[in-house]
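First up is the structure itself, then whatever we jot down about it.
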Amino acid sequence: MRLRLAPGERVIVKTRAHRRVLTRPALGFLAVVALTAFALGWLSRDGLPAPVPEALPLLRAVVPLAAAVLLLAWSVGPLLRWSRTWTVLTNRRVVIRRGAGGRSQWEIPLVLVRAIHVRQTVLQRGAGAGTLLLETANGRATLRDMPGVHRLRELVLDAMEALPRPTVFDGVELDVEPRGDWTGHG
């Protein structure tokens, strides 16, 4: 599902969280695979303790099943969340879409943004990523692990500066004298 743009609206940047957020899922994947291989190798050796040989058929089924559940929870789930979450900056708003086909969408009109902050940990700084905080009248929106966070901040500021500024009463002049009785009495 594509992002619907208003007339005159254009996309400036479409990005997702920095790939560094996949470090833990990748390490979890490697750990689960290594432990599964070790456990299956240990179960296939000779001289197992007394109760283990009786339960071997069950254990040989449970170990891969447990590994599959752990892989889904620690690796596949985070990878799918990362791949299906997009942040889009247009010349009017910031849109965060999550899920397949944009199942949930969160929008922040740029006219509501009052302040922009960038936070970076040492690891984020090394990867060129960071957290972008957008303060609005309603609270704070946090965009975590954004790649090129300083450039993204500049693009948001440029888009905010390019927004049309309203004139007094939208350019409509008010009449000095009323054109009739507005009270409805005559």
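The values are calculated or read from the model by the stated rules, or taken from the named source; none is laboratory data. Quantities reported herein were computed from a predicted structural model and do not represent experimental measurements. So basically every Cβ, Gly included, is an ideal-geometry build from the backbone, and we count neighbours across all protein chains shown. Please note that ligands, DNA and RNA were not included when accessible areas were found on the heavy atoms of the full protein model with its side chains. Shrake-Rupley method; radii C 1.70, N 1.55, O 1.52, S 1.80 Å.
Compute the label zone of Leu123 within region 132-158: residues whose backbone N is under 16 Å from the point 7 Å along Cα-to-Cβ.
Within reach of a label on Leu123, which here means backbone N under 16 Å from a point 7 Å along Cα→Cβ, region 132-158 contributes 144-147.
Quick check: Cα centre of region 1-29 to Cα centre of region 74-100, how many Å?
Answer, in whole Å: 5.
If R₀ is 30 angstrom, what is the calculated FRET efficiency for the pair Ile96 and Leu56, using the beta carbon separation as r and rounding to 0.05?
FRET efficiency, Ile96 to Leu56: 0.05.
Mind checking which of Ala55, Ala31, Ala127 has the largest fluctuation in a GNM of the chain, springs on alpha carbons under 10 Å?
Among Ala55, Ala31, Ala127, the largest mean-square fluctuation in the Gaussian network model of the chain belongs to Ala55.
Check Thr90: other-chain or 5+ apart residues with amide H under 5 Å from its amide H, H built from backbone geometry?
Ile12, Val95
Using a 1.4 Å probe on the protein heavy atoms, what percent of the accessible area of the chain belongs to carbon and sulfur?
60 percent
Sticking with the crude label model, points 7 Å out along Cα→Cβ, report the distance from Leu65 to Asp158 in nm, one decimal please.
Using points 7 Å along Cα→Cβ, the separation is 5.6 nm.
For the chain, what is the calculated [θ] at 222 nm in deg cm²/dmol (nearest 500), taking -39500 (n - 2.57) for each run of four or more DSSP H residues and dividing by its residue count?
So the calculated ellipticity at 222 nm is -10500 deg cm²/dmol.
With a 1.4 Å probe and all protein chains kept in place, how do Glu107, Glu9 rank by accessible area, largest first?
Putting Glu107, Glu9 in descending order of accessible area: Glu107, Glu9.
Quick one: accessible surface of Ile12, probe radius 1.4 Å, all protein chains present, in square angstrom to the nearest 10.
It works out to around 60 Å².
Quick check for you: which residues of region 84-128 have the amide N under 11 Å from the point 7 Å beyond the Cα of Thr136 toward its beta carbon?
Residues passing the 11 Å test: 93-96, 106-114.
Read through the labelled values (i) 1.04; (ii) 0.92; (iii) 1.30 and report the label of the one computed as Rg/Rh (Cα atoms, Kirkwood Rh) from the structure.
The value computed from this structure is option (iii).
Extension gain Val11-Leu35, at 0.36 nm per residue separation less the Cα-Cα distance, in nm?
Working it through step by step, the gained length comes to 4.1 nm.
Please state the charge dipole magnitude for the chain, taken about the Cα centre, from unit charges on C-beta atoms (+1 on K and R, -1 on D and E), reported in debye and rounded to the nearest 20.
820 debye
Got a number for the accessible area of Val122? Probe 1.4 Å, square angstrom, nearest 10.
Approximately 120 Å² of Val122 is accessible to the 1.4 Å probe.
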